[in-house]
1. Tally up the residues in the stretch 302-336 that are in a helix (DSSP H, G or I) and not aliphatic (A, V, I, L, M), please.
2. Quick one: which of SER100, SER137 is surrounded by 18 or more Cβ atoms within 10 Å (Cβ to Cβ) and either at pLDDT 80 or above or assigned by TED's automatic domain parsing to the domain that holds HIS18 (or both)?
3. Where the second residue is in a helix (DSSP H, G or I) and basic (Lys, Arg) and the first is within 13 Å of LYS353 (Cα to Cα) and lies in the stretch 372-387, which pairs have Cβ atoms under 7 Å and are six or more apart or on separate chains?
4. Of the residues LYS339, LYS264, which single one is more than 28 Å from ILE371 (Cβ to Cβ) and assigned to a helix (DSSP H, G or I)?
5. Going by what's in this entry, would LEU57 be described as within 14 Å of PHE139 (Cβ to Cβ) and modelled with pLDDT of 80 or more?
6. Scan the stretch 324-335 for residues that are surrounded by fewer than 18 Cβ atoms within 10 Å (Cβ to Cβ) and either in contact (Cβ under 8 Å) with a residue 12 or more places away in the chain or in contact with a Leu (Cβ under 8 Å, 6 or more places away or on another chain) (or both) and jot them down.
7. What are the pairs, 6+ residues apart or on separate chains, where a residue within the stretch 228-241 that is farther than 16 Å from GLU191 by Cα has its Cβ under 9 Å from a residue that is of a type in the set (S, T, N, Q) and in a helix (DSSP H, G or I)?
Amino acid sequence: MDIEEKISFFLELLSCSHKILYWRFDQNFSLVNTTCVDEDTFARAIFGQPEHYAGILSHAREKDTPFVSSIPLGVEWVSVFEKEDHELRYIHVLGPLFLSEISIKNIEALLNKRYMPPKYRRKLTAQLFSLPVVSPSRFFSYSQMLHYCVTGEKITFVDIQHDSLGANNSNLHEPNQLNDSHLGVYAAELELFKMIEEGNLNYEKALNNAVSAASGGNIDTDGDPVRKSEVMAITFITLSVRAAIRGGLSPATAYNLGDYYESKAMLCNSITDRTHIMHTMFHDFVTRVHNCRLRSGISKPIQTCCDYIDMHLTGKLTLETLANVVGYTEYYLTRKFKKELDITIWDYINKAKVERAKSILANPTYTIQDISDMLNYCSRSYFSEVFQKHTGFSPSDYRKKELMM
């Protein structure tokens, strides 16, 4: 397939989950074609502004990697560069889109800072609300895919460059005065993420200190506390992922966990639910790093086996699957696993599932049957039997004990 056919196929797959606009510009940033039906509004408001595409062209002259742009409205898009003999030929753009929900109040407040005819303003506002909301992790994945379609090169998300046009053009954030409270936030964060790096299970005090310090942070979300909690959650997850990797957790496991908790956080409609997920996420990362450090002397195949189990607790785990993952026979894997960890594979799986169940039980919206099904137990009674064996409590008694604390 040629580049156009690859992009067409990619966009067809993309439409199954998100309706994201695609644009192709030439080396002078003149529009060649687009999937946008009414292209004039966006072309004038976003792609038609010299300050919006100057950075893109500048990046294209120096590098071949994707380039993410954003403006104060919260709109983002990614540019991918098609070159021939190192000369820019086309710029392929995916977007614009939002990485999180935005209210009409926020959009109108930002549009009020710029003069435009009322009819055009109404049209732009309506089109902005037609844009999809895509999680940051998915947006970066889509950027990687588009880059591959255009160049045939596989890249990681760290190769993607970002330029916030709003940083220079917006008057919303004027750092004229130093805020001493930020020093307290920074100190609390250092202590908190050190807990993840060390796998320190005595993290409750550090977590409470960080929450108290951050509660006074000045994240400008136009007085929307739910939006503020969403921004803080995404930042918290990102920093936790990096701390876990520094602590020894494999990047694949850390990033997959980050994506999982980010998707859970984005679906929350209340601060309480999002806070609960963040506590669960932090405990999960600390526990995994702690276990990883305890297992520091084991061989790489057995570590890989443990990582696979930890990432697939809600799936059907079989000895055959685990043996295939590490490239051992089932007989050899069971013997080597027991020798290195002094525990059988099945006991390890049940212990890991019980730890996951303990976190889920703190959320009263899930029934015992829900959790049993979630962790792929054959019956609620067997789940309860395994849980009591490892904790000394039935799942319902453990939940009562935790909710009373």
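1. Taking the stretch 302-336 first, the residues in a helix (DSSP H, G or I) are 302-311, 319-326, 330-336.
From what's left, not aliphatic (A, V, I, L, M): 303-308, 310, 320-321, 324, 330-332, 334-336.
Qualifying residue count for the region: 16.
2. Working: SER100 fails: surrounded by 18 or more Cβ atoms within 10 Å (Cβ to Cβ).
Only one candidate qualifies: SER137.
3. Hits for this filter: SER372/ARG380; LEU375/LYS353; LEU375/ARG356.
4. Working: LYS264 fails: more than 28 Å from ILE371 (Cβ to Cβ).
Only one candidate qualifies: LYS339.
5. Details: within 14 Å of PHE139 (Cβ to Cβ): no; modelled with pLDDT of 80 or more: yes.
For LEU57, the condition - within 14 Å of PHE139 (Cβ to Cβ) and modelled with pLDDT of 80 or more - is not met.
6. So the first thing to find is which residues in the stretch 324-335 are surrounded by fewer than 18 Cβ atoms within 10 Å (Cβ to Cβ), and the list is 324-325, 327, 329-332, 334-335.
Within the stretch 324-335, VAL325, GLY327, GLU330, THR334 qualify.
7. Hits for this filter: SER229/THR275; ALA233/THR275.
The values are calculated or read from the model by the stated rules, or taken from the named source; none is laboratory data. Here the structure is a predicted model, which means the values were calculated and not measured. Every residue, glycine among them, receives a Cβ derived from its backbone with ideal geometry; neighbour counts consider all protein chains shown.
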